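A.B. asks: Next up is a structure, given as structure tokens.
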Amino acid sequence: MPTKTTAVVILNWNGKELLSRFLPGIVAYSGEALIIVADNASTDDSVVFLQEHYPAVRVIQNEVNGGFAKGYNDALKEVDADYYVLLNSDVEVTPGWIEPLNRLMESDASIAACQPRIRDQKNRSRFEYAGAAGGYIDKFGYPFCRGRIFNTYEEDHQQYSDTREIFWATGACLLVRADAYHRQNGLDEDFFAHMEEIDLCWRLKNEGLKVMYCADSTVFHVGGGTLSKLSPRKTYLNFRNNLILLCKNHAPGFFFLKLFVRMALDGVAGIKFLLSGDVMHFIAVLRAHASFYRTLPHTLRKRRTLRKGIHSYSTSAIYRGSIVFDYFIRGKKKFSDLDEGQF
């Protein structure tokens with residue numbers, strides 16, 4: 001039986017410093033995987049740096065910077081492999097990181113995607129914001145992780161060392177079957193950046209496939225390499241994209257009621273920003289909703305198209321409670337505090 005081929009594809013935009021810092025480890029520790037840098041029309045000398053110092057690394061030059069989603073969609077059309085690893089340029093890999101991911105994928109043909117354990121590159125014993133020990137959503141579409149709920153980050157004491165099914169795998173380090181990726185038409189370019197990997201995972205799960213967390217693989221993520229967590233632009237994208245995500249993929253039952261509740265909760269978050277003096281973030285929430293309303297007919301058309309191919313909506317790894325209520329009102333700050341019976 002021929003060995004499956006894996007391509008590690010790093011999306012780069014003006015990231016020469018990150019490439020010089022983390023690419024040596026990726027080249028050294030990725031076994032037989034193809035290493036590819038997809039350059040998103042950088043204006044620094046990233047491409048020249050790669051050509052001079054890493055001639056064996058393939059460089060795909062995208063004509064425009066269309067964001068995370070379009071950048072990968074454009075590049076992956078040119079990559080022939082069985083598995084793709086979408087890897088952020090600010091990720092530090094570790095020896096043997098890729099083999100457990102490949103083994104997990106090959107153990108079960110129904111697994112469409114998986115992620116490793118994601119720890120903070122600066123605070124190395126702590127889980128990192130983007131992915132931690134696997135992603136989940138609650139009944140209102142709010143994403144969270146084992147090891148990170150809102151702004152509470154857990155230390156990694158091996159409490160999440162079980163490989164298990166999750167709801168979404170982080171785009172910081174996402175291994176996905178190439179045929180499944182293309183069958184779903186890749187990442188949704190309307191997202192531009194942020195939560196497009198959750199959208200892809202939700203579509204894959206609604207196809208009857210699994211998304212997994214692999215506890216035997218660990219990488220370290222810097223985070224905020226393109227947009228800081230404190231950026232109003234990031235606030236805008238997160239609020240807007242989360243509404244699009246919910247609208248596109250949620251099952252018909254109670255959909256509009258949940259969408260209304262979700263909008264009300266966003267309003268509360270906006271007021272909290274305003275009362276805290278974060279005026280630019282308050283404005284970002286308003287802009288996010290205005291953009292969502294403006295494009296709602298387009299999103300609903302996508303929803304109707306997706307529904308035609310869904311025979312059974314996935315409910316696995318969806319938290320049936322409200323993570324907002326549990327975290328802010330009931331004081332449940334850790335994943336282990338949540339009621340396992342609600343999953």
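A.B. asks: List the trypsin sites (Lys or Arg not before Pro) within segment 38-100 that DSSP assigns to loop and that have no more than 16 neighbouring Cβ atoms inside 10 Å.
C.D. replies: Sparse-neighbourhood loop trypsin sites (Lys or Arg not before Pro): K77.
A.B. asks: Residue-wise, which Karplus ³J(HN,Hα) couplings in Hz belong to segment 177-189, taking 6.51 cos²θ - 1.76 cosθ + 1.60, θ = phi - 60°, and x for glycine or proline?
C.D. replies: The phi angles translate into 5, 4, 5, 5, 4, 6, 4, 8, 6, x, 7, 7, 6 Hz.
A.B. asks: Can you compute the modelled spin-label distance between R287 and T94, with each label point 7 Å from Cα toward Cβ, in nm?
C.D. replies: Computed distance between label sites R287 and T94 equals 3.8 nm.
A.B. asks: Here's a follow-up. So, by mean Cβ neighbours within 10 angstrom, what's the order for 234-246, 33-45 with the highest one leading?
C.D. replies: The most tightly packed comes first, giving 234-246, 33-45.
A.B. asks: Full-extension gain between L296 and Q159, please, as 0.36 nm times their residue separation minus the C-alpha to C-alpha distance.
C.D. replies: Stretched fully, the L296-Q159 segment lengthens by 45.2 nm.
A.B. asks: Taking R0 as 45 Å, what FRET efficiency do you get between Q61 and L265 from their Cβ-Cβ distance, rounded to the nearest 0.05?
C.D. replies: 0.60
A.B. asks: Order these peptides, 3-9, 313-319, 133-139, by their mean beta-carbon neighbour count within 10 angstrom, highest first.
C.D. replies: 133-139, 3-9, 313-319
A.B. asks: Just how much of W13 is accessible, in Å², when a 1.4 Å probe is used and the result is rounded to the nearest 10?
C.D. replies: Answer for W13: close to 120 Å² accessible.
A.B. asks: Return the lysines within reach of K248: Cα separation strictly under 22 angstrom, same-chain partners fewer than 8 residues apart disregarded; answer none if there are no such residues.
C.D. replies: Those lysines meeting the cut-off are K70, K139, K205, K210, K234, K258, K302, K308.
A.B. asks: May I ask you to compute the full-extension gain from R320 to F343, defined as 0.36 nm times their residue separation minus their alpha-carbon distance, rounded to one decimal in nm?
C.D. replies: Between R320 and F343, full extension yields an extra 7.7 nm.
A.B. asks: Let me ask another. For R183, tell me the accessible area in Å² from a 1.4 Å probe, rounded to the nearest 10.
C.D. replies: That residue has around 120 Å² of solvent-accessible surface.
A.B. asks: Give me the percent of DSSP beta bridges within the chain that run antiparallel, rounded to the nearest 5.
C.D. replies: 45 percent
A.B. asks: Sticking with this one: Hey, what number do you get for the chain at 222 nm if only DSSP H runs of n ≥ 4 count, each worth -39500 (n - 2.57), divided across all residues, to the nearest 500? Mind showing how you got there, number by number?
C.D. replies: Values: 11 runs with 132 residues, N = 343.
Taking each H run of at least 4 residues, the total per residue is -12000 deg cm²/dmol.
A.B. asks: How far apart, in nm, are the 7 Å Cα→Cβ label points at D82 and F254?
C.D. replies: Distance between label points: 4.2 nm.
A.B. asks: Right, next: Taking amide H positions as placed in the peptide plane 1.01 Å from N, state which residues far from A38 in sequence (5 or more) or on other chains have amide H under 5 Å from it.
C.D. replies: I10, L11, N12, I60
A.B. asks: How far is helix 67-76 tilted, in degrees, relative to the longest principal axis of the Cα atoms in the chain, given as a value from 0 to 90 rounded to the nearest 10?
C.D. replies: Helix 67-76 sits roughly 40 degrees off the main axis of the chain.
A.B. asks: Still on this structure: Starting from the Kirkwood radius over alpha-carbon pairs of the chain, derive D by Stokes-Einstein at 20 °C in a medium of 1.002 mPa s and give it in µm² s⁻¹.
C.D. replies: Stokes-Einstein gives a translational diffusion coefficient of 105 µm²/s.
A.B. asks: So what's the projected area for segment 1-71, the Cα convex hull averaged over all directions, in nm²?
C.D. replies: 5.3 nm²
The values are calculated or read from the model by the stated rules, or taken from the named source; none is laboratory data. Every value quoted in this text rests on a predicted model; they were computed, and no experiment measured them. Heads up, the Cβs are rebuilt from the backbone with ideal geometry, glycines too, and the neighbour counts pull from every protein chain shown. Keep in mind that these areas ignore ligands, DNA and RNA; they rest on the heavy atoms of the full protein, side chains included. Shrake-Rupley method; radii C 1.70, N 1.55, O 1.52, S 1.80 Å.
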